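Q: Quick one: the structure is below, and I'll ask about it shortly.
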Amino acid sequence: MSIDFTLSPEVEAIRLRVRDFIATSVKPNEAKLEGLQGRERIKQLFAMRDEAKAAGLWLPHMPKEWGGMGLGHVELAMVQSEAARASFGPWVLNCQAPDEGNMHTLLHWGTDEQKEKYLRPLLEGKVMSCFAMTEPEVAGSDPTLIRTHAYQDGDEWVVNGHKWFISNARRASFAILLARTEESPDLPQAANTGFIVDLPSEGWNRVREVETMHGSTGHSEIVIEDLRIPAANMLGGRGQGHRLGQYRLGPARLAHCMRWIAQAEMALDMMVDRSLNRFSHGSLLAEKQGIQWLIADSAMELYQCKLMVLHAAYKIDKGQDFTSEVSMAKHFVANSLNRIIDRSIQVHGALGYSTDTPLAHMFQQARWSRFADGADEIHQMRIAQRTIAAWKDHGSTRSATGDLPL
Ligand SMILES: Cc1cc2nc3c(=O)[nH]c(=O)nc-3n(C[C@H](O)[C@H](O)[C@H](O)COP(=O)(O)OP(=O)(O)OC[C@H]3O[C@@H](n4cnc5c(N)ncnc54)[C@H](O)[C@@H]3O)c2cc1C
């Protein structure tokens with residue numbers, strides 16, 4: 001077996017173009033965006049998207065026949081982690097959550113008509129979308145508990161229920177919605193079905209934007225009352241909602257990791273830069289062992305993050321089972337991200353706590369990574385189950401630790 005993460009000269013050229021594009025066309029505009037409101041802000045945002053399209057840096061995660069860059073997952077890891085060095089980078093390249101996961105889902109599960117009607121405009125950047133699964137009344141960690149309910153009435157499905165934390169709902173022109181359609185399925189996982197909901201629709205009531213520790217930035221609470229969905233808008237088959245959600249989350253989780261690596265690397269870059277420029281008790285911070293340990297721990301963790309993400313991406317590209325590797329990467333990268341930003345804030349002192357650097361904002365954003373798209377403990381539960389099963393099946397845990405030849 002050979003694992004070689006060297007990029008071909010063509011892909012290396014793409015990576016450098018993304019890096020340059022983010023540094024020269026996105027980063028400088030982000031500061032300008034802060035001062036803009038309404039139409040002016042939207043105009044500026046879409047102007048950056050036009051530039052990305054013109055530069056051939058559009059939809060890195062989609063196949064060429066759908067207007068994308070046709071990159072494999074390993075190549076994508078390199079591009080996503082360059083893009084996420086600016087907070088609007090992934091959005092400008094049209095590979096941001098939740099649209100990116102919805103694109104994969106529609107491409108895999110959509111009928112030809114659904115692809116033309118919903119996927120095509122999403123890829124062209126004309127519309128946005130959201131994914132509606134989580135409910136306030138039941139644990140989002142266990143989708144078999146979903147209460148939002150749909151029953152068939154002729155050519156339509158009628159839905160009632162309650163969702164929250166639906167990112168992007170206020171800007172979306174359609175939602176992928178998970179609802180319970182089966183009352184006594186053979187397996188609890190076969191109770192839910194996916195639907196595409198045109199937005200706005202009567203019966204889909206956006207009641208508030210949830211205020212979070214990073215502000216009110218587009219996570220909506222939705223009350224669904226007698227919402228009618230045409231039968232043709234079922235996504236996948238009846239009872240396939242759980243599989244659809246799991247399929248969506250695999251690559252989407254890894255894409256999150258790719259973006260988090262960019263943020264962790266920025267935090268480490270800033271930690272080192274600050275330690276080389278701050279003097280205390282006779283030497284620079286960089287010369288103090290206590291600070292060197294913070295830097296060393298962060299460098300080692302970031303190295304592990306990169307290897308885990310690249311290896312999981314490699315397994316997806318090779319068509320191998322990647323479930324455990326993505327789970328382990330998601331857990332490890334999310335926790336490393338939180339630790340590395342925290343250490344960087346520590347080395348910056350009061351400056352790190354202020355909003356004069358991006359660290360405070362990055363820290364607020366990073367916190368959700370430990371429970372959204374699978375809480376730490378759920379990933380640990382699954383990783384442990386697979387490790388125990390490997391021992392029972394093979395008398396060795398080797399296959400549960402990346403199945404590497406070591
Ligand atoms: C910024 C943000 C954006 C989001 N965007 C979306 C979106 O677009 N669409 C959407 O549908 N949802 C979205 N969510 C919701 C997210 O998917 C859920 O928060 C997540 O699935 C966890 O569900 P929950 O919040 O109900 O937590 P719960 O399931 O109630 O879990 C709470 C905690 O309990 C513990 N726990 C739960 N189960 C177990 C177990 N079996 N063993 C041990 N411990 C356990 C864990 O510590 C977990 O963190 C978003 C959340 C955030 C914060």
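Q: Condition check: modelled with pLDDT under 90 and either over 19 Å from the mean Cα position of the chain (by Cα) or part of a helix (DSSP H, G or I) (or both). Does residue 53 satisfy that?
A: Answer is no for this residue.
Q: With (1) away from the ligand (no atom under 16 Å from the Cβ); (2) modelled with pLDDT under 95 as the list, and residue 365 as the residue in question, which single condition is left unmet?
A: Result: residue 365 fails condition (1) only.
Q: Among the listed residues 326, 347, 309, identify the single one that is away from the ligand (no atom under 16 Å from the Cβ) and in contact with a Lys or Arg (Cβ under 8 Å, 6 or more places away or on another chain).
A: The unique qualifying residue is 347.
Q: Sticking with this structure for a sec: With region 116-168 as the region, which strands (runs of 3 or more DSSP E) entirely inside it contain at least 2 residues that are crowded, with 19+ Cβ neighbours inside 10 Å and within 16 Å of the ligand (Cβ to nearest atom)? Lay out the reasoning, then the answer.
A: Numbers: elements: 129-132, 149-153, 156-167.
Those strands (runs of 3 or more DSSP E) span 129-132, 156-167.
Q: In the list 279, 322, which residue meets the criterion of being more than 30 Å from residue 397 (Cα to Cα), open to solvent by 30 Å² or more (accessible area, probe 1.4 Å) and not charged (D, E, K, R)? Walk me through it before giving the result.
A: On the way: 322 fails: more than 30 Å from residue 397 (Cα to Cα).
Testing whether each residue is more than 30 Å from residue 397 (Cα to Cα), open to solvent by 30 Å² or more (accessible area, probe 1.4 Å) and not charged (D, E, K, R) leaves just 279.
Q: Say we look at region 174-192 and pick out the residues that are modelled with pLDDT of 95 or more and within 15 Å of the ligand (Cβ to nearest atom); which of these is surrounded by the most Cβ atoms within 10 Å (Cβ to Cβ)?
A: The selected residue is 177.
Q: Take residue 310 and decide whether it is modelled with pLDDT of 95 or more and under 23 Å from residue 101 (Cβ atoms).
A: No, not satisfied.
Q: Got at least one residue in region 102-115 being open to solvent by 50 Å² or more (accessible area, probe 1.4 Å), in a loop (DSSP other than H, G, I, E, B) and either near the ligand (Cβ under 10 Å from one of its atoms) or of a type in the set (Phe, Trp, Tyr) (or both)?
A: Step one: filter region 102-115 for residues open to solvent by 50 Å² or more (accessible area, probe 1.4 Å), giving 108, 111-113.
Next, from what is left, pick out any that are in a loop (DSSP other than H, G, I, E, B): 111.
Retained after the next criterion (residues that are either near the ligand (Cβ under 10 Å from one of its atoms) or of a type in the set (Phe, Trp, Tyr) (or both)): none.
No, region 102-115 contains no residue that is open to solvent by 50 Å² or more (accessible area, probe 1.4 Å), in a loop (DSSP other than H, G, I, E, B) and either near the ligand (Cβ under 10 Å from one of its atoms) or of a type in the set (Phe, Trp, Tyr) (or both).
Q: Name the pairs: first residue in region 357-386 and closer than 20 Å to residue 248 by Cβ and open to solvent by less than 30 Å² (accessible area, probe 1.4 Å), second residue within 9 Å of the ligand (Cβ to nearest atom) and outside any helix (DSSP H, G or I), Cβ to Cβ under 6 Å, at least 6 apart or on different chains?
A: Sorted first by the residue in region 357-386, then by its partner, the pairs are 375/141.
The values are calculated or read from the model by the stated rules, or taken from the named source; none is laboratory data. Just so you know, these numbers come straight off a predicted model, no measurement behind them. Note: ideal-geometry Cβ built from the backbone for every residue, glycine included; neighbour counts use all protein chains shown. When the accessible area is computed, the model is the full protein with side chains, heavy atoms only, and any ligands, DNA or RNA have been set aside. Shrake-Rupley method; radii C 1.70, N 1.55, O 1.52, S 1.80 Å.
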